[in-house]
Amino acid sequence: MPCRPILLVRNLTDMSERHNGFAVPVTTAAILRRLRADIVARFLDLLRMIERHRERGWLAEMDARMLRDIGVDRSVVWREARKWWWEI
């Protein structure tokens with residue numbers, strides 16, 4: 001059974017297709033596909049944030065010789081290590 005097309009209101013124009021300035025019907029399936037893609041993108045962002053937090057922890061555990069090898073100052077490491085997991 002095909003999905004019934006719906007018209008979206010002006011506030012949700014990012015979810016609707018536009019043609020000559022008018023909103024055209026968008027199927028529920030198309031909306032769900034777009035929402036699913038957005039959820040997957042947000043989940044991948046979350047995974048990247050967690051990985052970045054782990055890397056900051058590893059950087060903080062390095063000794064002075066290792067930091068010198070990669071050309072990073074201890075103050076930079078301290079600044080990075082103090083950031084919350086969601087900060088870039």
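Values in this text are rule-based calculations from the coordinates and carry no lab data. Computed from a predicted structure; not experimentally measured. A quick note on method: Cβ atoms are made from the backbone with ideal geometry, for glycine too, and the neighbour counts reach across all protein chains shown.
Taking label points 7 Å from Cα along the Cα-to-Cβ direction, Lys83 and Asp38 give a separation of 2.6 nm. In this structure, Glu51 and Thr27 have a Cβ-Cβ separation that, at R0 = 41 Å, corresponds to a calculated FRET efficiency of about 0.70.
Count Lys and Arg as plus one, Asp and Glu as minus one, and take only other residues whose Cβ is under 12 Å from that of Ala41; the net charge is then +2.
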